[in-house]
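Encoded as structure tokens, the structure appears first; notes follow it.
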Amino acid sequence: MEFEFFIGIDVSKNELDFAVQQGSRFLFHQEIANAPAAINTFLKELGKLLGFSLSKAIFCMEHTGIYNNHALACLHKKKAHICLEAATQIKNSLGNIRGKNDKVDAMRIAWYAYKEREGLRLWEPKREAVQQLAHLAATRLRLITVKKQLKVPLKEHVSFSPGKTSKQNIQACSHSLKAIEGDIARTERAIEEIIKADKELTRIFKLATSVSGIGKVTAVQVIVTTNEFKDISDPKKFACYSGVAPFTDDSGKLIKKARVSHMANKKVKTLLHLAAIVAIQHNQDLKRFYERKVLQEKKNKMSVINAVRNKLILRLFACVNQNRPYEKNYQKLVA
């Protein structure tokens, strides 16, 4: 689509900074409260601009989690064109930049939208069931993090503190730990209920967990991050997104070993690492692959585990894209 107006939005918890640009020409900047009423009022004022219409405009903003929600909801209700980009994507596209504030950031986002107008991908909201799944998965992770923050020091106290002191600490945290464990169990039940109540989620979940090593938690996280394999349907792109795909960094005669990038979804990467460890232990094909590479070919263990992570991604996406469960003893038919 061809756009005439490019609106960059710098999002923070309490304010939104709008930078309005017509073609390559900057028009004005305005700061408003990050609240639905203020956003709707600004959109009405924007509509009075000479030659402006929502069909000719695109609103671009960085992904800032829940702080985007008011702007996304208001704009989507008005059927506006929205582009939601990662902050690193915008920053890297603009080259070397110096200095920043909310107004400047909004102007840079507007310029990015204009500069990349031919290749912008329009944002579409995830289905409500997937949004609920995402929030519950995030809540579960926070609860587990809090549980670890309590349990790890308690274990250390048992080893390095007198018996009476460690017992006092354990008793002091016992009710909190039980409550957290109960909340984790309730969150996991809520996740299972959402999946069971949704036909499409049930289908994808069964296909994902049919792959050896891919457990419930990993399957849910992959479903959420790929938006039911709609936003990311290519296993190579997901491998890149999750920091599993190795990249070379050669220059002239200097040849370096291919390495994975630090620019990745660390949460997904960690889950895939755990999935690979489980797969090596319980899947005979991957176990033999790991032992051959490590014991016979003397490959680096982490490099081989990363190769197993890649194999799991390929198997997972193949199952979902082909709509069939993983077959451990698969035999290709020859015509």
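Quick notes
- Residues ARG25 and VAL158, FRET efficiency given R0 of 51 Å [Cβ-Cβ distance, rounded to 0.05]: 0.15
- Antiparallel DSSP beta bridges within region 1-88, percent to nearest 5: 60 percent
- Given charges at Cβ of Lys, Arg, Asp, Glu: the chain dipole, positive-most of GLY95, THR270, LEU43: THR270
- Under a model in which nothing but the beta-carbon of Lys, Arg (+1) and Asp, Glu (-1) is charged, the chain shows a dipole of about 1480 debye around its Cα centre.
- Cross-link pairs exceeding 19 Å between alpha carbons, from the set LYS269/LYS328; LYS206/LYS293; LYS196/LYS237; LYS13/LYS115; LYS56/LYS100; LYS13/LYS100: LYS269/LYS328; LYS206/LYS293; LYS196/LYS237; LYS13/LYS115; LYS56/LYS100.
- Seen from a random direction on average, the alpha-carbon convex hull of region 1-154 projects onto 11.4 square nanometres.
- Expressed to the nearest 5 percent, the antiparallel share of DSSP beta bridges inside the chain is 65 percent.
- Region 67-95 and region 144-188 have Cα centres lying 41 Å from one another.
- For HIS175 and VAL146, the difference between the fully extended length at 0.36 nm per residue and the C-alpha to C-alpha distance is 9.1 nm.
- Most mobile listed residue (PRO246, PRO125, PRO153) in the chain, GNM with C-alpha springs under 10 Å: PRO153
- Relative contact order for region 4-123: 34 percent, from Cα pairs under 8 Å spaced at least 6 residues apart, divided by residue count.
- One equal scatterer on each Cα of region 11-66, no solvent, Debye formula: the resulting log10 I(q)/I(0) at q = 0.24 Å⁻¹ is -1.14.
- Relative to the dominant Cα principal axis of the chain, helix 216-226 is inclined by about 20°.
- Accessible area per residue, Å², the chain with all protein chains present, probe 1.4 Å: 61 Å²
- Between the helical axis of 102-115 and the longest alpha-carbon principal axis of the chain there is an angle of about 90 degrees.
- Listed peptides 183-196, 101-114, 222-235 appear in the order 101-114, 222-235, 183-196 once ranked by packing, highest mean of other Cβ atoms within 10 Å at the front.
- Scanning the chain for cysteines with no neighbouring cysteine C-beta under 4.7 angstrom from their C-beta gives CYS74, CYS173, CYS240, CYS319.
- 0 to 90° range, to nearest 10: angle between helix 199-209 axis and the chain longest Cα axis: 40 degrees
- Projecting label points 7 angstrom from Cα along Cα→Cβ for LEU54 and LYS167 puts them 6.7 nm apart.
- Label-to-label distance, nm, for residues given as LYS44 and ALA197 (7 Å Cα→Cβ offset): 3.6 nm
- Dimensions (Å) - the chain, Cα atoms, principal axes, largest first: 69, 67, 50
- LYS100 versus GLU291: modelled label distance in nm, points set 7 Å from Cα along the beta carbon direction: 5.0 nm
- Helical contribution to [θ] at 222 nm, DSSP H n ≥ 4, -39,500 (n - 2.57), averaged over the chain, rounded to 500: -18500 deg cm²/dmol
The values are calculated or read from the model by the stated rules, or taken from the named source; none is laboratory data. Just so it is clear, the model here is predicted, and its values are computed rather than measured. When we count neighbours, we look across all protein chains shown, and the Cβ atoms used for this are built from the backbone with ideal geometry, even at glycine. Remember, those area values only see protein heavy atoms, side chains included, never the ligands or the DNA or RNA. Shrake-Rupley method; radii C 1.70, N 1.55, O 1.52, S 1.80 Å.
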